[in-house]
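This report concerns only the one structure given below.
The values are calculated or read from the model by the stated rules, or taken from the named source; none is laboratory data. Source: prediction; values computed, not measured. Virtual Cβ from ideal backbone geometry, glycine too; neighbours counted across all protein chains shown. Surface areas here come from the heavy atoms of the whole protein model, side chains and all, with no ligands, DNA or RNA. Shrake-Rupley method; radii C 1.70, N 1.55, O 1.52, S 1.80 Å.
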Amino acid sequence: MPQKTLTDGPRTGALAKAHAEASGKRWWILAVIAIAQLMVVLDATIVNIALPSAQADLGFSDGNRQWIVTAYALAFASLLLLGGRIADLFGRKPAFLVGVVGFAAASALGGAANGFTMLVIARALQGVFGALLAPAALSLLNTTFTDARERARAFSVYGAIAGAGGAVGLLLGGVLTDAFDWRWTLYVNVAIAVVAFIGGWVLLGNHRDAANARLDVPGTVLVAAGLFSVVYGFSNAETHDWGSPLTWGFLGAGGLLLATFAWWQTRTAHPLLPLRILLDRDRGASFLAVLITGAGMFGVFLFLTYYLQLNLGFSPTRTGVAFLPMVGALMVASQVGTTVLMPRIGPKAVIPLGFAIATAGMAWLTGIGLGSDYVSAVLPQLIVIGAGLGLVMPPAMQLATGGVAAEDAGVASATVNAMQQVGGSIGTALLNTLAASAATDYLSGHNPASRPVQAQATIESYTTAFGWSAGFFAAGTVIAFLLYRRGVPKQDAGAAPVVHM
């Protein structure tokens with residue numbers, strides 16, 4: 001047995017000190033990543049509340065209004081996989097920093113918009129740089145936290161932001177619009193970006209895990225065009241109908257392009273999205289869980305926002321505050337789910353349980369009526385929904401990106417974001433169509449000129465949307481239970497990401 005030397009003690013102490021410093025630095029990196037992710041997620045909803053004010057100021061039509069939202073979604077969704085691969089090929093730090101600066105510049109351009117065209121261009125540019133920033137941020141989280149316990153805590157924070165960011169966006173959008181002007185819903189990103197850029201510049205190191213690979217140009221074109229067509233097709237379903245060529249034509253083209261992309265990934269030497277990422281059973285189940293959650297969550301944010309403002313008379317600020325209990329429940333549940341339940345009983349129990357709880361909350365929310373109030377008919381349901389989603393989103397995101405090789409971390413992270421974005425687009429189109437049909441059906445059997453009848457028709461549209469959202473979550477319960485493996489997932493030591501700081 002080797003004898004200890006006098007230097008063993010100091011050396012051990014130095015190693016412990018270095019480890020402590022590295023651990024502390026990781027949590028600062030998490031804070032920077034969280035700030036950047038919050039900025040991206042906020043912009044999915046923060047502008048929504050400000051749209052009426054922007055429309056009145058810039059004078060664009062109701063028909064054009066949707067493009068303020070759609071321009072962001074189209075650019076963001078269609079370029080996500082490219083953004084993730086760029087982070088893998090050229091380094092996550094430069095991808096992160098360029099994404100932050102570009103997003104801030106696009107936000108400033110939108111805030112200074114003097115017309116509809118300038119605002120739409122700015123929103124599209126936000127989507128472009130968001131598609132670079134979001135996967136870089138998530139892949140940085142994936143490669144920074146390798147210890148199982150620290151990783152669970154980090155993903156509970158990140159997943160809570162991803163799940164609750166939309167509600168926070170509604171609150172912040174309402175406060176800024178009421179207190180200042182609609183332009184500040186865009187200008188606020190500049191302030192957030194300054195903090196994220198300084199933190200990223202100081203704390204992040206750069207490493208190109210896929211430096212020897214090449215960009216799959218045909219695959220990039222196929223998947224970008226496919227995702228664009230799918231999101232654009234569902235967006236057209238909101239303004240046209242499902243029988244319109246602009247709807248089914250783009251949806252069909254998108255499906256064909258994505259199928260061709262999947263075929264090409266099996267043929268090329270440097271695939272944009274290696275199929276090994278999708279074919280892992282737990283990871284595939286997690287991608288579907290994120291997609292279903294994105295579709296169902298719009299039943300909460302979109303239609304409940306309408307109900308609170310138009311039926312209960314809430315101001316934009318008060319509407320945002322009304323969602324905070326859901327945010328709180330989601331954050332608590334995310335901590336419990338990722339740090340306590342997942343390490344003990346695994347995803348086959350935790351994620352279906354979360355979906356089942358969210359299903360119950362959404363079904364309970366269908367009980368709202370003309371005489372309902374927030375405290376009894378909305379608040380308890382929001383808490384239940386938040387608790388359910390907190391058990392789904394963070395664990396699913398953790399499993400979707402866990403265990404991938406370091407050179408695939410960026411594209412795996414981009415796939416998570418793409419699933420959430422496409423799910424949101426599907427949910428928005430389907431729920432808007434179903435809600436409008438429910439209102440029309442109700443009016444056809446009553447006196448449409450009567451104000452009480454019109455008010456009840458809006459209630460019918462909301463409850464229909466909530467019911468279908470409950471159906472989405474119920475389907476998620478069954479799918480998650482069937483697809484996830486039993487037991488606690490074990491990280492593949494050979495595929496474990498390496499810390500680069």
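Here are a few things to note about the model shown:
- Boolean, ALA480 is modelled with pLDDT of 90 or more and either part of a helix (DSSP H, G or I) or of a type in the set (Ser, Thr, Tyr) (or both): yes
- Cβ-Cβ contacts under 7 Å between residues 6 or more apart (or on different chains), taken from a first residue in segment 224-249 that is under 23 Å from MET419 (Cβ atoms) to a second residue that is open to solvent by less than 20 Å² (accessible area, probe 1.4 Å) and not in a helix (DSSP H, G or I), are listed as ASN236/SER244.
- Single residue of LEU125, LEU119 found to be touching a residue at least 12 places away in the same chain (Cβ under 8 Å), farther than 30 Å from LEU399 by Cβ and surrounded by 24 or more Cβ atoms within 10 Å (Cβ to Cβ): LEU119
- Number of the condition not met by VAL488 [criteria: (1) assigned to a helix (DSSP H, G or I); (2) aliphatic (A, V, I, L, M); (3) modelled with pLDDT under 85]: (1)
- Subset tally (residues that are surrounded by fewer than 22 Cβ atoms within 10 Å (Cβ to Cβ) and either modelled with pLDDT of 80 or more or not in a helix (DSSP H, G or I) (or both)) for segment 54-77: 8
- Checking each residue in segment 329-342 for being open to solvent by less than 70 Å² (accessible area, probe 1.4 Å) and in contact (Cβ under 8 Å) with a residue 40 or more places away in the chain picks out ALA329, LEU330, ALA333, SER334, VAL336, GLY337, THR338, THR339, LEU341, MET342.
- Exclusive hit being in a helix (DSSP H, G or I) and at pLDDT below 75, set ALA225, ALA211, ALA237, ALA253: ALA237
- Within segment 373-390, considering residues that are touching a residue at least 60 places away in the same chain (Cβ under 8 Å) and open to solvent by 10 Å² or more (accessible area, probe 1.4 Å), the one nearest to VAL453 (Cα to Cα): ASP373
- Check on GLY102, open to solvent by less than 10 Å² (accessible area, probe 1.4 Å) and farther than 19 Å from VAL190 by Cβ: no
- When LEU171, LEU133, LEU80, LEU141 are checked against the criterion of being at pLDDT below 80, open to solvent by less than 10 Å² (accessible area, probe 1.4 Å) and under 30 Å from GLY386 (Cβ atoms), a single residue qualifies: LEU141.
- Flag if THR45 is more than 26 Å from VAL422 (Cβ to Cβ), open to solvent by less than 40 Å² (accessible area, probe 1.4 Å) and touching a Leu at 6+ places or on another chain (Cβ under 9 Å): no
- Of all residues making up segment 391-414, the number that are part of a helix (DSSP H, G or I), modelled with pLDDT of 75 or more and open to solvent by 10 Å² or more (accessible area, probe 1.4 Å): 2
- Candidate set from segment 467-485 (those that are within 22 Å of ARG344 (Cα to Cα) and not hydrophobic (A, V, I, L, M, F, W, C)); member that is surrounded by the most Cβ atoms within 10 Å (Cβ to Cβ): GLY476
- In the set PRO352, PRO325, only one residue is assigned to a helix (DSSP H, G or I), of a type outside the set (A, V, I, L, M) and over 25 Å from VAL47 (Cα atoms); that residue is PRO352.
- Looking only at residues of segment 257-268 that are without any contact (Cβ under 8 Å) to a residue 24 or more places away in the chain and hydrophobic (A, V, I, L, M, F, W, C), we find that the one that is most open to solvent (accessible area, probe 1.4 Å) is TRP263.
- Meets criteria (under 30 Å from ALA377 (Cβ atoms), within 22 Å of the chain's Cα centre (by Cα) and among the aromatic types (Phe, Trp, Tyr)) for PHE301: yes
- Single unsatisfied condition, GLN309 versus (1) within 22 Å of the chain's Cα centre (by Cα); (2) free of Cβ contacts under 8 Å to residues at least 12 places away in the same chain: (1)
- Some residue of segment 455-468 being assigned to a helix (DSSP H, G or I), touching a residue at least 60 places away in the same chain (Cβ under 8 Å) and over 19 Å from ASN311 (Cα atoms): yes
- Against the criterion of being assigned to a loop (DSSP other than H, G, I, E, B) and open to solvent by 20 Å² or more (accessible area, probe 1.4 Å), ARG276 does not qualify.
- Selection count, segment 333-369, where residues are under 20 Å from ALA435 (Cα atoms) and touching an Asp or Glu at 6+ places or on another chain (Cβ under 9 Å): 0
- Residues (of a type in the set (S, T, N, Q) and touching a residue at least 60 places away in the same chain (Cβ under 8 Å)) located in segment 53-79: SER53, GLN66, THR70, SER78
- Matching residues in segment 292-318 - criterion: being crowded, with 22+ Cβ neighbours inside 10 Å and among the hydroxyl-bearing types (Ser, Thr, Tyr): THR293, THR305, TYR307
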